Structures are given as C-alpha cells and as structure tokens.
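Taking it in order: structure first as structure tokens, then the write-up.
The values are calculated or read from the model by the stated rules, or taken from the named source; none is laboratory data. Values in this document were obtained by computation on a predicted structure and should not be read as measured data. As a convention, Cβ positions derive from the backbone with ideal geometry for all residues, glycine included, and neighbour counts pool all protein chains shown.
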Amino acid sequence: MALIEAKNLSKSYGAIRAVNNVSFSVDRGEVIGFLGPNGAGKSTTMKLLTGHLRAESGCAIVAGFDVSDQPVEAKRHLGYSPEGAPAYGEMTVREFLRFAADLRGLADPAERVRATLELCRLNEVAAQTIETLSKGYRMRVGFAQAVIHDPAVLILDEPTDGLDPNQKFEVRRILKDMAARKAVIVSTHILEEVGELCTRVIVIAQGEIRCDESRERFLQRGEDLNQVFRQLTA
Amino acid sequence: MSSPSENPAPKSAGLSAFGAILRREFAGYFRTPLAYVFLAVFNAFAVSLAFFVGNMYEAGVASLDRFFLYHPWLWAFLAPAAGARLWAEERRQGTIELLLTWPVTVWQAALGKFLAAWLFLACALLMTLPVAFTVGWLGDPDWGVILAGYAGSLLCAGACLGVAAVASALTRSQVIAFVTGFLACFILVLVGYGVFDELFAGMLPSGMVDEIRRLGLWRNLEPFTLGLFDLRPAVYFVTVAFSGLGLSTIIIERR
C-alpha cells in the first residue's frame, strides 16, 4: 500500500500556477529526493500533502487518510518539518519536544522526548531556548519534532539547508537508519544527496513533474548532475 | 520503535491537543518579562484610576462601582495587548505551519489559545482583590455585588479578547494586531457614551441610535457593578467573545 499518494494536485497563487496536476505515490521503504529550482513548486506540493494548504483540485492521501477529509487522522501518521524548521523560539528544546509529544497524545511522552533527544543528538542543548541555538541545532530540532511519534510518513522540506558537511552527514545518517520503515520525501537543492540518501528522484519545475524515476536511472542520465538538472528543469 | 500506523493514538487525542495548547500558551505569557509588566500596569491603572480619577475614597461609599467604571477602558487597551500574540506570533515565527500540520483542528487550537489568554487576564483581575478587601476593611460592602462586578469585568475582558483574536488572526505583526484590536475595542467603549450619536442620528432612526448605545462596553458592565441581575449584558459579552473566537478560527482556516 502506498503511504503517500498525490492525485492530480493543483494549486495557484493568484495568476501563478504553483502546482499543476501533480501525481505520484510513495511506498514504505522509499526515500524520494524532491528536486527542482527555487519556486518550482516543491514546497507548495509538500504543503498540499501535509494539509497546510488546500488543493484546488486533486487530493492528497497520507497513510490511507485523505488530508482534507480526515486531516487529524492523516496528520497523526505524518511527521513534517517545514522549510527553515520553524519552532517556538522562546521554549527550550526539551519543552518544545514535550509540547509536541503532549499535543500528539503520545503514551509515555517523557520517554519519547528522551529517546528523540538521544536519536537527534540534542542532549547537550536540551535545556537551551531554541532561539539561542545555531542553525545546525535548530534544523535538528525541526527534524526531532517530526520524528518524535515515529511516523509512517515523513516529509522534510530542505532538512539539510544551511548545514555544514558534518551536520549534513549526521541528518542523512539518522534518516537512513529509519528510512526502511517509512515513506519519506526530502526536498533539496543538493544533487549529491540523491546518490547518498534517496531511492527515487522526482524533479519538479514550473509546477509540473519533469522526471520520476529510480535513483539508478537518474544517475545514468549523465556524469554531471548539474547538467542533467539544468536540462530537466529548463 | 514501532510504527504508529499499527499503534493509533488514544481516542482522547483531541482533548490532549487542546490541553497541551492551553498549557503552552498560558505558560508562554510568563516566559517573557512582558507578563509581569502587563500585570503591574494593569494593577497600577486599575487602582489609580479608581482612587485619583474616580475619587473612590472621597466618595465614602463602601462599593466598587467606581473601581469597575474604568475597566472597559483598561480591557480595551490591555486585552489587545495580551491577545496580539495569539496568531500574529505564530505567523511571524512560521510555527503556524507546524501547529496546523500537527493532529489538532483549528478550532481546538483557537479555543486553547483564547482560554489561555482569558485565564491570564483573569490573573490580572484577581490581583486587584486587595482593593475589594480594603473596602471591606473600611466599610461594610455588599460582597455579592462585588462578586458580580468581578464576574462582569471578566466577561468584559473576554469580549475585548474576542476582538483582539480577530485582529491577531489578520496579521503577522503583533504591533498591527495590537493597534487594530485596541481601536476596535476603543470604539466599543465610546459607543456606550454616545460619542457617535450625532453621526448616527443623521443616518438612522432614533430608536436605532439608542440600540447602538447599548452595544457599549460600560452599558453592559454597569448592571453587574450595581448588582442588578440581567441576562442580556452577560449574553452580550459572551456573544462578542465567541463571535471573535469563531471569526478568528475561520480566518485562520482560510489562510
């Protein structure tokens, strides 16, 4: 069963067609690299899948629940980190994760917070307020709230944006560890991440899917991925 | 860790989401010095307006009606100050995208936020209790009337907060939310004093002008402070409060 299904999703901002008739599905164990230039419709597609925006036409199904008909059910199985990993800056990392755990009504929230701090290596900053953290830690906090309930579906909008190479490696490591049990979509600008992280690649440009294929086939398109990217999104 | 697909959350999850938001929002007021500034300002003005402007002491009457007289003004200013952050801050920080992709309905989130803010205003009001005790020490007031006055003031605060919630839902700036919320509440105060009567008199039948006056905050608070039991002012305050709450929810849902 596909854990994520996008069926003919469309969304406009005024006269601009941000997402145009986008369809794909993601099974358990798949990690989708969601590529495309800025303004291509990556974030909008993710917002439609997570129920933050309402699609004009088409539907999004998460873990078998239609996001607009049964939003709370769908969101229970969804972990989402929006672009820039927003969080309540005045809370400490521990308070914030505890809030996320309580809001989701998790059994034994204290244990989930402990395990998530451990998993995302946030222990040393657990008592700091989020606004005082460096970008690397802040991105990890965004990631942590997305996985605290061990969701079946994980949608991450540029989770490695602005991280140094070590931090990127760390995020990829955590993702790889859990990917086999989940359906994951990761948007990124970094083409190298495709080879290291993803099992499948979807390229989107001007609101339309330009390519949707396995990592192997994508990597066969050419030596120079930047060149491939330019051709696909032109 | 096992997949939550096989372990669905408990059935009371809606309630836990509401409770978590209520607790977070209420505690949020005390995370910054703003809360203490707010409480101090509210108390300073509540007491000094009553004694220095209302001449409560010189009047020599053991009652709090001169104290409550200024509460519509106070709430018109301070409820929007406390309510400005409700949604504007979520928008500015981008956390609204987080909150609304967590398993919580918009109205649960809106109600949790609203009640937390109302509870905070209630704390400010409770801190004025020494005024009541002073009156009790100096004279022999009717405690039922004083209790009714406090209840009325709290309802009045809720009405102003309803207006503030709408203002906050419309913008990502707390300053704009505060100013527009304050202006709207200010108009509700002035309406009761007939400030706009001449303006309306040219446009509306005179009966209507009187009815509009009834929409003023003080008009509805006054019966409480006199110990007159009347359901209409209570219904008025609750209606304004929950219309504001409902409207802010719709605005956020349609974002």
| message | When you scan the range A:79-87, do you find a residue that is out of contact with any Pro (no Cβ under 7 Å at 6 or more places or on another chain) and more than 13 Å from chain B (Cβ to nearest Cβ), even just one? | response | no
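Condition check ((1) surrounded by 14 or more Cβ atoms within 10 Å (Cβ to Cβ); (2) more than 9 Å from every other protein chain (Cβ to nearest Cβ); (3) closer than 19 Å to B:ALA20 by Cβ) across all residues:
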position: A:VAL93; (1), (2), (3): yes, yes, yes
position: A:PHE99; (1), (2), (3): yes, no, yes
position: A:GLY105; (1), (2), (3): yes, no, yes
position: A:PRO109; (1), (2), (3): yes, yes, yes
position: A:ARG114; (1), (2), (3): yes, yes, yes
position: A:LEU122; (1), (2), (3): yes, yes, no
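Where residues in the range B:53-69 are among the aliphatic types (A, V, I, L, M) and assigned to a helix (DSSP H, G or I), which of them is farthest from the other protein chains (Cβ to nearest Cβ)?
Residue satisfying both the conditions and the ranking: B:ALA59.
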| task | Determine, yes or no, whether A:GLU131 is acidic (Asp, Glu) and within 16 Å of A:GLY29 (Cα to Cα). | result | no
| field | the range A:157-167, subset more than 20 Å from A:PRO71 (Cβ to Cβ) and touching a residue at least 24 places away in the same chain (Cβ under 8 Å), residue farthest from the other protein chains (Cβ to nearest Cβ) | value | A:ASP164
| field | Enumerated helices (runs of 4 or more DSSP H) restricted to the range A:2-106, each holding at least 1 residues that are among the hydrophobic types (A, V, I, L, M, F, W, C) and within 20 Å of A:VAL194 (Cα to Cα) | value | A:42-49
| said: Looking for something farther than 15 Å from B:PRO103 by Cα, in contact (Cβ under 8 Å) with a residue 24 or more places away in the chain and of a type in the set (A, V, I, L, M) - is there at least one such residue anywhere in the range A:98-114? | reply: yes
| request: Check A:ILE174 against each of (1) modelled with pLDDT under 95; (2) more than 13 Å from every other protein chain (Cβ to nearest Cβ); (3) closer than 26 Å to B:LEU100 by Cβ and name the one condition it does not meet. | output: (2)
| said: Which count do you get for residues in the range B:230-255 that are among the hydrophobic types (A, V, I, L, M, F, W, C) and without any contact (Cβ under 8 Å) to a residue 40 or more places away in the chain? | reply: 3
| said: Here are the criteria: (1) surrounded by fewer than 24 Cβ atoms within 10 Å (Cβ to Cβ); (2) in contact with a helix residue (DSSP H, G or I) (Cβ under 7 Å, 6 or more places away or on another chain); (3) touching a residue at least 12 places away in the same chain (Cβ under 8 Å); (4) facing another protein chain (nearest Cβ under 8 Å). Tell me which single one A:PRO71 does not satisfy. | reply: (2)
| remark: Note on A:THR233: of the conditions (1) without any contact (Cβ under 8 Å) to a residue 40 or more places away in the chain; (2) in contact with a Gly (Cβ under 7 Å, 6 or more places away or on another chain), unmet is (1)
| Conditions: (1) in contact with a helix residue (DSSP H, G or I) (Cβ under 7 Å, 6 or more places away or on another chain); (2) among the aliphatic types (A, V, I, L, M); (3) free of Cβ contacts under 8 Å to residues at least 60 places away in the same chain; (4) within 14 Å of chain B (Cβ to nearest Cβ). A:VAL62 meets all but one. Number of the miss? | (3)
| Within the bounds of the range B:60-82, is there any residue that is more than 18 Å from B:ALA44 (Cα to Cα), at pLDDT below 95 and either buried (at least 17 other Cβ atoms within 10 Å of the Cβ) or in contact with a Leu (Cβ under 7 Å, 6 or more places away or on another chain) (or both)? | yes
| request: Among the numbered conditions (1) acidic (Asp, Glu); (2) within 30 Å of A:THR129 (Cα to Cα); (3) more than 19 Å from the chain's Cα centre (by Cα), tell me where B:GLU58 comes up short. | output: (2)
| request: Report, by residue number, each residue of the range B:70-103 that is more than 23 Å from the chain's Cα centre (by Cα) and either more than 10 Å from chain A (Cβ to nearest Cβ) or outside any helix (DSSP H, G or I) (or both). | output: B:GLY94, B:LEU100, B:THR101, B:TRP102, B:PRO103
